[in-house]
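The values are calculated or read from the model by the stated rules, or taken from the named source; none is laboratory data. The structure presented is a predicted model; accordingly, all values stated were derived computationally and were not measured. Cβ: placed from backbone, ideal geometry, glycine included. Neighbour counts: every protein chain shown.
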Amino acid sequence: MRKRLLMADQTLFRSIDVFEIDYVPEFFNYRESQLKDLAYQVRPALEGGRALNAICRGLPGTGKTTSVLRIFAEIEQTTKKIVPVYVNCQNDRTKYMVFSRVYTALVGHAPARTGTSIKSVMDAIGGVLQRQEKSLIVCLDDANLLHYNNTLGDVVNSLLRLHQDYPGARAAVFATVSDMDIDLAADLSRWVLSPFRPSDVYFPPYDADEIRGILQDRIRIGLYPSVFSAAMLDRIVEQTMESGDVRVGLDLVKRAVLNAECAARTAVVEEDIAKAYEQAKHIHLACTVRALSADERRLLRRIAELSQEEAGPLVSGAIYGRVEETPKVGYTVFSRQLRKLDSLRLVDLIRVQAGGRTSEVALRYEPEEVVQICGRAGTAEE
């Protein structure tokens with residue numbers, strides 16, 4: 001009988017889904033303070049009022065989305081008075097798309113594809129909230145992407161002022177932001193900030209011990225005993241710290257185990273991890289590039305192109321002179337963009353002279369891959 005290739009007889013996974021980025025763990029360690037802060041924002045809605053607004057700030061892969069989804073899952077298990085709606089702004093980048101997502105959650109189906117105006121969608125949302133006396137909490141995940149295209153203020157304002165046309169309608173916004181240079185209090189208009197007034201919930205980067213603890217918990221739940229040794233876990237932690245994004249570590253674990261299965265091994269070895277790293281080393285790059293603004297992405301791409309053209313080290317002043325921007329940004333903005341690329345571990349900035357403005361700029365990835373991914377991200381945004 002011919003062997004069925006897609007039906008393996010044995011697997012090293014107890015549950016492979018615990019290594020997926022959308023998995024919400026029952027116990028979420030190292031973010032107890034942030035979870036308490038978010039629960040506090042929800043409390044007024046449990047008592048029949050309006051939830052408080054919040055901004056969750058932190059670099060990619062620091063637990064913002066998982067924390068919000070953990071709170072949303074608890075809301076759904078606790079009460080029918082509150083409707084939590086998750087919106088991924090990487091996919092839903094227009095006001096109509098955001099409100100369509102909210103409409104679907106409240107009504108049970110998407111609005112008609114044709115002939116449905118944004119006003120009719122908003123009217124339907126306000127009407128449901130008014131009639132059913134429910135409170136709405138919308139998570140705008142990666143809200144900085146809406147901010148880049150000048151949509152965030154309109155979306156937030158429209159949600160928080162639904163009660164003006166539909167008395168009794170209650171709505172709140174949780175916005176996650178991975179761009180640490182954004183200051184919404186300074187960037188949004190007073191008209192938007194008046195109903196918004198968000199609390200700030202900060203998510204610092206995980207340290208090595210925290211990353212090890214998170215990966216250990218997932219390995220314990222998702223793999224059979226003895227599949228992943230402590231030494232192999234240390235290798236994964238080292239590679240994860242290069243990006244600072246725990247999602248990279250989870251993906252490396254999954255790929256390493258799949259590699260071991262493919263080689264008919266019962267435990268992961270160094271070779272499996274090395275192969276997984278080659279397969280997955282650009283995951284952080286692709287995820288982070290998608291979260292950059294168009295100007296930041298163009299700068300990163302230009303650095304990659306210059307890295308291909310120049311034999312020696314790149315210097316910040318020379319890069320600035322060769323950045324093709326119309327209109328050209330000032331050097332202060334340029335420097336801020338460079339520091340952001342450094343903080344996201346896309347480049348390394350090496351100060352040439354103490355107290356000076358000039359730095360050497362070293363790309364942390366292969367230039368060809370950076371150019372390719374920046375091009376794909378730009379095309380997807382158009």
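Things worth noting here:
- Selected residue (criterion: nearest to residue 368 (Cα to Cα)) from residues of the stretch 277-311 that are among the acidic types (Asp, Glu) and in contact (Cβ under 8 Å) with a residue 24 or more places away in the chain: 305
- Enumeration of residues in the stretch 158-175 that are of a type in the set (Phe, Trp, Tyr) and under 23 Å from the mean Cα position of the chain (by Cα): 174
- Across the stretch 66-101, the number of residues qualifying as in contact with a helix residue (DSSP H, G or I) (Cβ under 6 Å, 6 or more places away or on another chain), within 16 Å of residue 162 (Cα to Cα) and free of Cβ contacts under 8 Å to residues at least 40 places away in the same chain comes to 1.
- Residue that is nearest to residue 60 (Cα to Cα), among those in the stretch 167-183 that are out of contact with any Asp or Glu (no Cβ under 7 Å at 6 or more places or on another chain) and of a type in the set (Gly, Ala, Ser): 175
- Candidates 101, 93, filtered to the one that is part of a loop (DSSP other than H, G, I, E, B), under 27 Å from the mean Cα position of the chain (by Cα) and surrounded by 14 or more Cβ atoms within 10 Å (Cβ to Cβ): 93
- Of the helices (runs of 4 or more DSSP H) contained entirely in the stretch 118-188, those carrying at least 1 residues that are among the aliphatic types (A, V, I, L, M), surrounded by fewer than 21 Cβ atoms within 10 Å (Cβ to Cβ) and modelled with pLDDT of 95 or more fall at 118-132.
- Flag for residue 296 being outside any loop (DSSP other than H, G, I, E, B) and either out of contact with any helix residue (DSSP H, G or I) (no Cβ under 7 Å at 6 or more places or on another chain) or modelled with pLDDT of 95 or more (or both): no
- Every listed requirement among (1) under 28 Å from residue 206 (Cα atoms); (2) surrounded by fewer than 15 Cβ atoms within 10 Å (Cβ to Cβ) is met by residue 87 save one, (2).
- Residues in the stretch 182-225 that are within 27 Å of residue 293 (Cα to Cα) and of a type in the set (A, V, I, L, M, F, W, C): 11 in all.
- Positions within the stretch 294-313 being under 23 Å from residue 376 (Cβ atoms) and among the hydrophobic types (A, V, I, L, M, F, W, C), in sequence order: 294, 299, 300, 303, 304, 306
- Of the residues making up the stretch 8-52, those that are buried (at least 18 other Cβ atoms within 10 Å of the Cβ) and aliphatic (A, V, I, L, M) number 8.
- Top-ranked residue in the stretch 189-208 [being aromatic (Phe, Trp, Tyr) and not in a helix (DSSP H, G or I); ranked as farthest from residue 55 (Cα to Cα)]: 206
- From the list 52, 59, the one residue that fits, being part of a loop (DSSP other than H, G, I, E, B) and modelled with pLDDT of 95 or more, is 52.
- Filtered residues of the stretch 19-71 (kept if of a type in the set (Asp, Glu) and touching a strand residue (DSSP E or B) at 6+ places or on another chain (Cβ under 7 Å)): 37
- Taking each residue of the stretch 117-144 that is acidic (Asp, Glu) and looking for partners that are assigned to a strand (DSSP E or B) and surrounded by fewer than 20 Cβ atoms within 10 Å (Cβ to Cβ) with beta-carbon atoms closer than 6 Å, six or more apart or interchain, yields 141/88.
- Leading residue by the ranking (farthest from residue 237 (Cα to Cα)) among those in the stretch 189-203 that are exposed (fewer than 14 other Cβ atoms within 10 Å of the Cβ) and touching a Gly at 6+ places or on another chain (Cβ under 9 Å): 191
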